[in-house]
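Written below as structure tokens is the structure these notes are about.
The values are calculated or read from the model by the stated rules, or taken from the named source; none is laboratory data. Quantities reported herein were computed from a predicted structural model and do not represent experimental measurements. Cβ: placed from backbone, ideal geometry, glycine included. Neighbour counts: every protein chain shown.
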Amino acid sequence: MLCYGLRVAIAAPQQLDDAFHALADSNRRAIVARLTRGAASVSELAAPLDVSLPTVLQHLDVLQRSGLVRSEKVGRVRTCRLEPGPMRAIERWIADHRGIWERRLDLLGDVLDDAFPTTKGHRSK
Amino acid sequence: MSIRQHDFTIERRFRQTPEQTFHAFADPDLRQRWFRVPDGWTDTEWSLDFRVGGGELNAGRDDGGNHHLFRSRFHDIVESERIVFAYDMLLDRRLTSVSLTTIELRRDRAGGTHLIFTEHGAFLDDLEDPAEREHGTDLLLDGLEAFLANEVSA
């Protein structure tokens, strides 16, 4: 069946707990709100907040561990963005869909080798 | 609700001839050995009418109780050369995708088969459980984001 890979798309309850914990703070909500308008550097995120830079970094750490935000460092600038959650789910689903056909065609190769044994050459992908 | 379009191609090479490979598609006994529901599934159903206008039905319930159904219709069959079919996937009786698939069997220089599987799929994003659980979470977070954006700009 083509659909059985779909079950891997179930979100872990822990993921939801972490997300809500991350959002249970007004500064972290402000960071998320800012990122809904696009990626931003750490200093851009810190500018409107009335807290120290180390505190902003701690907030970002909580947000990243929750899976809501990811960041990458290019040179000396760390850029943060929101994780595209809905995209993740459907991309994974499509990858699973393709994977099922790949496994099925591998199985076809095994069936062919069993039903029509040959000695010459090698099967390759 | 949304539709995601996605195309993909899978290629395989087999030592067996295109005639033998085609036989593994057309012969019900051989076909069932590679195109089947996994072991341990219940309520399994299978039927095959391998001709243009005919189709295949393959259904069963996985160990988590989710019902999966594949149903296809053959649009073109050229013996040992190509098979064109369209198929639906349903999860718990809800349509999740519709695809058009072509399978080409080409004879390679060694006399074996070069199989090219190409699919054009429309994936319907409004999934039923279990994937909807994550989708529901995503929608919830989208809503939160929108709310937060308003909260900040207000």
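Quick notes on this structure:
- Residues in the stretch B:48-59 include at least one that is within 12 Å of another protein chain (Cβ to nearest Cβ) and over 24 Å from B:T113 (Cβ atoms).
- Residues located in the stretch B:106-118, provided they are of a type in the set (S, T, Y) and either under 10 Å from the mean Cα position of the chain (by Cα) or at the interface with chain A (Cβ under 9 Å from one of its Cβ atoms) (or both): B:T113
- Looking across the stretch A:106-122, the residues that are at pLDDT 95 or above and facing chain B (nearest Cβ under 7 Å) come down to A:L108, A:G109, A:V111, A:L112, A:A115, A:F116.
- Scanning the stretch B:30-46 for residues that are of a type in the set (F, W, Y) and at the interface with another protein chain (Cβ under 9 Å from one of its Cβ atoms) yields B:W34, B:F35, B:W41.
- When the stretch B:1-28 is limited to residues that are under 16 Å from A:L112 (Cα atoms) and of a type in the set (A, V, I, L, M), the one that is farthest from the other protein chains (Cβ to nearest Cβ) turns out to be B:A26.
- Screening B:L100, B:L105, B:L115 for residues that are over 24 Å from A:A95 (Cβ atoms), assigned to a strand (DSSP E or B) and not β-branched (V, I, T) leaves exactly one candidate, B:L105.
- Candidate set from the stretch B:119-128 (those that are surrounded by 15 or more Cβ atoms within 10 Å (Cβ to Cβ) and assigned to a strand (DSSP E or B)); member that is farthest from the other protein chains (Cβ to nearest Cβ): B:L124
- For the stretch A:30-39, the condition of being assigned to a loop (DSSP other than H, G, I, E, B) and of a type in the set (K, R) holds for at least one residue.
- Looking only at the stretch B:78-105, residues that are over 10 Å from the mean Cα position of the chain (by Cα) and small (G, A, S) come to 1 in all.
- Here is the figure for the stretch A:56-77: residues that are outside any helix (DSSP H, G or I) and closer than 17 Å to A:R37 by Cα total 4.
- Residues of the stretch A:26-55 classified as over 19 Å from A:V74 (Cα atoms) and surrounded by 14 or more Cβ atoms within 10 Å (Cβ to Cβ), total: 10
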